[in-house]
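Accompanying notes for the structure given below.
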Amino acid sequence: MSKEEKEIKIELNIPLNVFLGRIKKLGFKKQKQITQSDNYFDTSDWKLYKSVSSLRIRKVDGKDHSFTFKKVFHIPNRDNFQYVEEIEDIFPILNDSNLKSIFNRLGMQSKDYNIKNGLELADIFKQHGYRGEQVLNKTRLAFLDDRNNEIVIDDVDNVGVIIELECQECNPLEIVKEILQDEEWNRSFKGTSYLWLEKVKGFDDHLDYQNKFKESADWNVWDNERDFYLTLS
């Protein structure tokens, strides 16, 4: 089942240790430190990248964790015009309804698969023309407050340090205001996978794709997404 992702990426204009001090004073407590490996899949002509979407299989501490499809839509009449859709499921896959939703969105034939692990799922994507050359390895520090707002600090190979705030119920922009002054941060619309592509592959046109929303809000909506897109308005 798809849902809206309530997440914001932060570019700091202050030292990281100052930021850490502030979130701890606000009640954020360190929950865990883990290693992650994110394997992104795309076609040879980078169809997903060019439509502001992504397909990922994630491992945590060396074990299969989840698979996720994300896509950014532009909804002009919303206060927060950027809608980030997320369809995700966790390994082991006990109910493949989310997997079928992803396959249908990608135009892949939906079957009754018995997928035991990430390698088997990766093989299916590859059989349908998706390549998995993009691999992001990271160390993640996670902090949580009593409102279930999560701040994660990722140190990503070939990218650097990335900060994300994810909220279950709150507006993430309101939480940022509790931590930082306006001049102390910038909102980043570059996903970690885009930053990797920029630094490793030399791709630099993802901002052009964002700017296209100003010309045509629905430019990246596929034909099989039209009905879904209308429900967002």
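The values are calculated or read from the model by the stated rules, or taken from the named source; none is laboratory data. Quick caveat: nothing in here was measured; it's all calculated off a predicted structure. Heads up, the Cβs are rebuilt from the backbone with ideal geometry, glycines too, and the neighbour counts pull from every protein chain shown.
Observations on the structure shown:
- Selection of the stretch 72-85 for residues being in contact with a helix residue (DSSP H, G or I) (Cβ under 9 Å, 6 or more places away or on another chain) and surrounded by fewer than 12 Cβ atoms within 10 Å (Cβ to Cβ) yields only PRO76.
- Among the residues of this structure, ILE93 counts as one that is part of a loop (DSSP other than H, G, I, E, B) and over 30 Å from GLU11 (Cβ atoms).
- Any hit, the stretch 59-81, residues being modelled with pLDDT of 90 or more, among the acidic types (Asp, Glu) and closer than 30 Å to ALA217 by Cβ: no
- All conditions in (1) touching a residue at least 24 places away in the same chain (Cβ under 8 Å); (2) surrounded by 16 or more Cβ atoms within 10 Å (Cβ to Cβ); (3) under 16 Å from THR68 (Cβ atoms) hold for TYR209, with the sole exception of (3).
- Options ILE34, ILE10, ILE14; residue that is assigned to a loop (DSSP other than H, G, I, E, B) and of a type in the set (A, V, I, L, M): ILE14
- Residue satisfying all of: in the stretch 36-62; touching a residue at least 24 places away in the same chain (Cβ under 8 Å) and exposed (fewer than 13 other Cβ atoms within 10 Å of the Cβ); nearest to TYR209 (Cα to Cα) among these: SER44
- GLU88 being within 20 Å of the chain's Cα centre (by Cα), loosely packed, with under 14 Cβ neighbours inside 10 Å, without any contact (Cβ under 8 Å) to a residue 60 or more places away in the chain and within 25 Å of LEU197 (Cβ to Cβ): no
For (1) of a type outside the set (Lys, Arg); (2) part of a helix (DSSP H, G or I); (3) modelled with pLDDT of 95 or more; (4) touching a helix residue (DSSP H, G or I) at 6+ places or on another chain (Cβ under 7 Å), each residue gets a yes or a no:
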{"site": "SER193", "(1), (2), (3), (4)": "yes, yes, no, no"}
{"site": "ASP204", "(1), (2), (3), (4)": "yes, no, no, yes"}
{"site": "LYS214", "(1), (2), (3), (4)": "no, yes, no, no"}
{"site": "ASP218", "(1), (2), (3), (4)": "yes, no, yes, yes"}
{"site": "THR231", "(1), (2), (3), (4)": "yes, yes, no, no"}
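- Filter result (surrounded by fewer than 13 Cβ atoms within 10 Å (Cβ to Cβ), touching a strand residue (DSSP E or B) at 6+ places or on another chain (Cβ under 9 Å) and in a helix (DSSP H, G or I)) within the stretch 113-159: LEU119, LYS126
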